[in-house]
Each structure stands twice: as C-alpha cells, then as structure tokens.
1. In degrees between 0 and 90, to the nearest 10, how far off the longest principal axis of the chain does helix 108-117 point, with axes built from Cα atoms?
2. Rounded to the nearest whole Å³, what is the per residue volume of the convex hull around the Cα atoms of region 211-277?
3. Could you list 174, 44, 149 in order of exposure, starting from the residue whose Cβ has the fewest other Cβ atoms within 10 Å?
4. For region 47-107, what is Rg from Cα atoms divided by 2.2 N^0.38 Å, rounded to two decimals?
5. With a cut-off of 8 Å between alpha carbons and a minimum separation of six or more residues, what is the relative contact order of region 211-277 in percent?
6. Would you mind computing the Rg to Rh ratio of region 143-271 from its alpha-carbon coordinates, Kirkwood style for Rh?
7. Label residue 215 and residue 47 with points 7 Å out from Cα along Cα→Cβ: what is the distance between them in nm?
8. How far is helix 258-267 tilted off the main Cα axis of the chain, in degrees rounded to 10, range 0 to 90?
C-alpha cells in the first residue's frame, strides 16, 4: 500500500543526510509499530510518508501515486495524528462539520462511537478550547479514526493520556482496524501498544534494523530467563536473574517483549538481520 523507494533526505547540508537510499514497504491489514531511538528519524519519516516533506531523491508512493503531489484522492485517504497539535476555538460539532467533507468515508456514527470509547459523552457542543490536553487528544483521535482513511499514521498517540485512556486507545485501534487499512504507530512507549501490534519496524536513520510480523518474531526470538547454552541477542538483569532475547529453539514460543527486541536490534543489528533474512 505504501512504498518508500530509495529516499534521501537532509534538513541542511552541514548535518548530512538523515536518510540515504532508504526503502520500506508497508502493507494493508497491519498495525505497524515504528520504533527507533531519539534522532533515528521516525517523525521525519512520517512527514515524508504523508507528503509534508520533500525527499532529495526517491519517492513515497501510495497506491502508485507520489504522495508529495498531495492530490485530493491521496490526501483524502491518509490521516496523520502528529505528536503535537492545536485545535481551534470551535465546538466539536463545528470542527467536524468543517473538516469531515475532506474525507469521503467519514462517519458521524463512528465518531460518536469512538468518543463513547473514550468516555467523552455525547455533547458535540463542547468547545475544544475549554478541554484539557488529554481530552483534546481524544477528540482528535476519535475524528482521525472516524475519517476511515485507509492509511492512519500516529506519532506518540499515548503521550498525554492517563492509564485508563491508554486502555481505551487500544480498544479504539482494535475496533477501527480492518483488512483494507494500514495503521502505523510511532512511539517510545512500547508497553502502551505491544498488545495491539501485529508488525514491528525498527529503524536507525538509513537502516531498517527489523521489519517483521509478530508471528515471525515469535518463531525466531524467545524472551525468557537465560539457559545454559543460550547465545543471547540482548541481556536484561532482573531481581530474579538475567533475562534474555535469545534465538528460539524449535517449537518455542514466548510473548514478544518489545523493549528487549528493540535493544537487541540496536546492540546486535547484524545478528538480527541474519536471523530475519534467512530461513530458520
């Protein structure tokens, strides 16, 4: 659905390229987690994917169309929830009436359903400016999901949400996801989203350290206490002894620990690459 073809990008000549000859394919029917350390280029990649930034070379295609052209048929099917945003001094109803016409598949019924999930009530006359930051984020995300765009990209969506609201967000994702959609969540808060992802993409500027589905990860990497003979990809010291991300034994399956997987990819990129580019 989204093809990133050999893009190069830099903010200025002195800093050098943030991305160089970077490629990645994202397919419909998946909820992707985009992970990377600070400065790895996650937010920049998101803006390139949505046509808000122009690569020096290469292109990003959505259904074969270059997103940088920002054609109405393309932009009406992509929605971005940035990490930071501001909402106008309007009621929820006014905001919806002004913005929903840009999205042909927008559903007011869905909007109300998602507000209910967030326990925001049914009062569409509430003024956005009077809401707390967490409430504004809930309204914004409810609208984003109600657009029913085939591509929904979210940058740190759980920032500013309390614990119950994070649970509500996870319900929102599972409720709004369908086989013809692609969702991408860029975050550092991996524990907030680990249960709703089915694909993990870890980047470090121009390198894709890992791009794999959860089923593939579970068949190749185990997350558990270390055993004799293990060759760990990453070790975490715990009060109960060392825990490791290790090569899974035949038939072994454990729950994916995204934090350990992320650290394994950063510390042992070659080993991770070899593990996921060769048959087990």
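Throughout, read-outs are computed from the coordinates displayed, never taken from laboratory work. Source: prediction; values computed, not measured. Quick reminder, even Gly has a Cβ in these numbers, built from the backbone with ideal geometry, and neighbours come from all protein chains shown.
1. Between the helix axis and the principal axis of the chain, the angle is about 60 degrees.
2. 87
3. So the ranking, lowest neighbour count to highest, is 174, 44, 149.
4. Taking the Cα Rg and dividing by 2.2 N^0.38 Å, one obtains 1.32.
5. Once divided by the residue count of region 211-277, the mean separation gives 36 percent.
6. Rounded to two decimals, Rg over Rh is 1.00.
7. Spacing of the two 7 Å Cα→Cβ label points: 3.7 nm.
8. Once rounded, one gets 60 degrees.
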